[in-house]
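Engineer: Shown below is the structure under consideration.
The values are calculated or read from the model by the stated rules, or taken from the named source; none is laboratory data. Owing to the predicted nature of the structure, the values given are computational and were not obtained by experimental measurement. Here the Cβ positions follow ideal geometry from the backbone for every residue, glycine too, while neighbour counts run over all protein chains shown. The area values use the complete protein model at the heavy-atom level, side chains included, leaving out ligands, DNA and RNA. Shrake-Rupley method; radii C 1.70, N 1.55, O 1.52, S 1.80 Å.
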Amino acid sequence: MTLVPLVVAVPLLAAAVLAAFGHFLPARFPDVVAVAVAAFVTVASVILIFRSSDETIHYWFGGWRPRNGIALGVSFSVDPLGAALAALVGVLATAAFVVSWDYFRERVPPQFHVLMLLFVGAMVGFALSSDLFNIFVFFELMSVAAYALTSYRIERPSAVQGAINFAVVNSIGAFMLLIGIALLYARTGALNLAQMGQVLAQHDADGLVIVAFTLVAVGFLTKAGAVPFHFWLSDAYAVAPAPVCILFAGVMSDLALHAVARVYWLVFSGPLGTDVRPVLIGVGVITALIGAVMAWLQAGLKRMLAFVTISHIGLFLIGIALLTARGLAAATVYVVADGLVKGSLFCAVAQLARRVGHTDELVCHGRGRVIPGTGVIVVVGALGLAAIPPLGTFVPFGLLGRSAGLAGYGWLAPVLVLATALTGGAVLRAAGRIFLGLGPKRDDLLVSPPPGEEEDVGLAEVPRRGALLWVPALALLICGLGLALTPGISGHAVRHAERFVDRASLARETLHGVRAPLGPVPAVHASAGSYLYGAVSVLAAVTLALLGLYRSRALRIVAPAAHRLKLLHDGVVGEYVTWLTVGAAALGVLFAAVVR
């Protein structure tokens with residue numbers, strides 16, 4: 001159907017038109033165009049979710065369909081999971097464009113809208129493409145736009161440093177991804193994911209396959225911000241404008257994990273089987289815990305939410321790494337609900353920056369009382385991060401815990417609780433200090449952001465009350481929390497995930513046009529244990545927030561370890577590259593050791 005290419009073509013064409021004629025158009029015209037295009041992407045992607053619910057939509061550009069099982073052309077393959085991520089991109093982009101109307105003091109130049117629309121088109125193409133080289137092309141287009149958006153305030157040294165760190169680390173990850181693609185093309189003679197998987201499944205994994213999987217996985221995990229490839233992420237998110245961070249934190253990093261899942265199941269599941277499961281789960285656990293602890297140690301809200309993103313990337317990676325349909329379903333629903341909540345929180349950060357002039361919780365102590373509505377949004381959003389039953393992320397949180405138990409990893413449930421409690425507690429602590437004036441104005445345990453990093457325009461320069469900042473925040477929060485109330489969402493997600501992980505059936509469908517019947521929608525309900533874990537997570541988050549505001553000297557014992565962890569995140573790009581190199585080598589060794 002023609003709607004499939006339009007969800008990518010329309011934002012790219014709009015970007016081209018604004019780049020050519022934006023300077024000659026009325027002041028607000030680019031804003032209107034950008035909002036309209038993002039809304040179109042949202043509506044079109046939602047339509048694709050329903051259109052692909054019974055069978056995957058394969059769109060072959062130029063009509064170059066496979067012949068005799070050989071993919072001759074380039075295609076998009078649309079399933080409900082990928083279309084849901086494309087819809088998330090559209091929703092968050094719409095909110096980001098609306099927020100930008102009130103967020104920026106000066107008139108927003110057309111280049112901002114051009115870069116944002118390129119970013120949106122690249123992300124949607126990345127989510128839907130079924131050709132590995134095209135995935136790389138969209139990966140690079142997405143990255144280049146993101147580098148420029150990170151350094152939007154180029155007059156600030158911190159913005160330049162954050163963008164350079166982002167570009168250097170992600171470029172190396174992209175080179176690794178490209179080398180992995182080259183190795184796969186040399187072995188299979190194909191770039192279509194289904195055809196690659198069909199060729200590799202005919203033989204056991206050898207050294208080339210393991211190296212290729214390592215390089216591809218490292219490339220995507222670098223973009224996702226998984227430990228130890230995560231150092232660039234907090235530097236970039238802390239300096240990018242808040243409207244840009246809505247997309248960064250809400251969906252950009254999560255898309256890379258979707259690519260990991262898609263490439264594994266379609267290409268590598270045949271030769272590798274489930275042997276790589278413990279390694280990927282280990283990366284997910286380390287990412288979730290380190291990200292959560294670092295979020296707790298931040299005073300700047302942008303860096304705090306950046307590390308919240310890293311921690312939750314670990315949670316999503318755990319779901320994917322279980323290598324089961326239920327784990328994948330849990331991760332996908334979790335990504336959507338969590339992305340909406342984090343998008344809402346970054347809208348609130350934009351409101352705080354515009355009205356108060358700063359987003360450091362120590363500097364803003366008690367100054368958020370002038371915007372109590374924003375404080376409510378932050379508190380509720382923090383509870384959403386902590387998986388409050390029965391709303392928001394609770395449903396995928398519970399499904400993820402049960403999926404881990406069914407896969408023989410029941411010990412992961414307490415890890416999930418600890419990570420969500422720490423991240424939710426960190427945001428709650430900041431809300432108490434900023435909007436209620438609780439706790440001391442100094443805290444030596446917290447990391448203060450570099451001078452100027454969290455500063456913004458102040459109250460005296462705000463011409464309006466900021467409705468275009470808090471209305472998108474409220475809308476995203478309601479959608480994120482209300483998603484859990486959608487009837488049968490877990491069952492439908494599991495049903496579509498079962499089709500997603502059926503490599504052989506998808507290969508026949510893609511290359512030969514043989515449609516496989518879908519199974520019934522399984523009945524998936526939250527268990528009593530899920531409610532217990534959700535309640536424990538919320539109570540622990542509230543307790544940790546209170547301890548952070550009025551803690552006893554007992555917490556001082558963690559100061560030395562916290563100090564060492566802080567030192568690793570020092571902004572030195574050479575050290576980040578070293579961690580990337582060592583991490584890639586370690587993953588390769590571990591994959592080689594576990595694959596039999």
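Engineer: Over region 23-82, with every protein chain in place, what whole percent of the accessible area is carbon and sulfur at 1.4 Å, could you tell me?
Structural biologist: Carbon and sulfur together cover 65 percent of it.
Engineer: Might you work out the accessible area of W101 for me, using a 1.4 Å probe with all protein chains in place, and round it to the nearest 10 Å²?
Structural biologist: Answer for W101: close to 70 Å² accessible.
Engineer: So what's the gap between the Cα centers of region 285-301 and region 503-550, to the nearest angstrom?
Structural biologist: Region 285-301 and region 503-550 have Cα centres separated by 22 Å.
Engineer: Shifting gears a bit: Compute the distance from the alpha-carbon center of region 48-100 to that of region 143-184, in whole Å.
Structural biologist: 25 Å
Engineer: Could I ask something else about it? Suppose we keep just the alpha-carbon trace of region 236-363; what are its Rg and Dmax in angstrom?
Structural biologist: Cα radius of gyration and Dmax of region 236-363 are 16.2, 56 Å respectively.
Engineer: Among the lysines, which have Cα under 18 Å from the Cα of K302 when same-chain residues fewer than 8 positions away are ignored?
Structural biologist: Output for K302: K342, K566.
Engineer: For region 194-209, just list the computed ³J(HN,Hα) in residue order, Karplus coefficients 6.51, -1.76 and 1.60, θ = phi - 60°, integers in Hz, with x standing in for Gly and Pro.
Structural biologist: 5, 5, 4, x, 5, 5, 5, 5, 7, 9, 6, 5, 10, x, 5, 5
Engineer: R0 = 35 Å: FRET efficiency of S53 with L13, Cβ-based, nearest 0.05?
Structural biologist: Working: r = 28 Å, r/R0 = 0.81.
Calculated transfer efficiency: 0.80.
Engineer: Keeping all protein chains in the complex and leaving out DNA, RNA and ligands, what accessible area do you get for E55 with a 1.4 Å probe, in Å² to the nearest 10?
Structural biologist: Using a 1.4 Å probe on the heavy atoms, I get roughly 80 Å².
Engineer: Oh, and also: Rolling a 1.4 Å sphere over the protein heavy atoms, what is the accessible area per residue of the chain, to the nearest Å²?
Structural biologist: Per residue, the chain has 35 Å² of solvent-accessible surface.
Engineer: Taking H placed 1.01 Å from N in the peptide plane, check which residues at least 5 places from G300 or on another chain put their amide H under 5 Å from its amide H.
Structural biologist: E361
Engineer: Can you give me the long-range amide H partners of H358? Hydrogens built in the peptide plane at 1.01 Å from N, cutoff under 5 Å, separation of 5 or more residues or another chain.
Structural biologist: Those qualifying (amide H under 5 Å, at least 5 residues apart or on another chain) are D456.
Engineer: Quick one: Karplus J couplings for region 57-68, per residue in order, coefficients 6.51, -1.76, 1.60, θ = phi - 60°, nearest Hz, x for Gly and Pro?
Structural biologist: Along region 57-68, the couplings run 8, 10, 10, 9, 5, x, x, 7, 7, x, 10, 6 Hz.
Engineer: Please work out how much accessible surface L128 shows to a 1.4 Å probe, ignoring ligands, DNA and RNA, in Å² rounded to 10.
Structural biologist: 0 Å²
Engineer: Excluding A295 itself, what net charge comes from residues whose Cβ is under 14 Å from its Cβ, given Lys and Arg +1 and Asp and Glu -1?
Structural biologist: Neighbour charge sum, excluding A295 itself: +3.
Engineer: Between A467 and V577, what's the calculated FRET efficiency when r is the beta-carbon distance and R0 is 35 Å? Round to 0.05.
Structural biologist: Efficiency, rounded to the nearest 0.05: 0.20.
Engineer: What span do the alpha-carbon atoms of the chain cover on each of the three principal axes, reported in whole Å from largest to smallest?
Structural biologist: 69, 60, 48
Engineer: How much space per residue, in cubic angstrom, does the convex hull of the C-alpha atoms of region 161-236 take up?
Structural biologist: Spread over its residues, the Cα hull of region 161-236 gives 86 Å³ apiece.
Engineer: Karplus couplings for region 30-41 from phi (6.51 cos²θ - 1.76 cosθ + 1.60, θ = phi - 60°), rounded to Hz, Gly and Pro as x?
Structural biologist: Taking θ as phi minus 60°, the curve returns x, 4, 5, 4, 5, 4, 4, 5, 4, 5, 4, 4 Hz for region 30-41.
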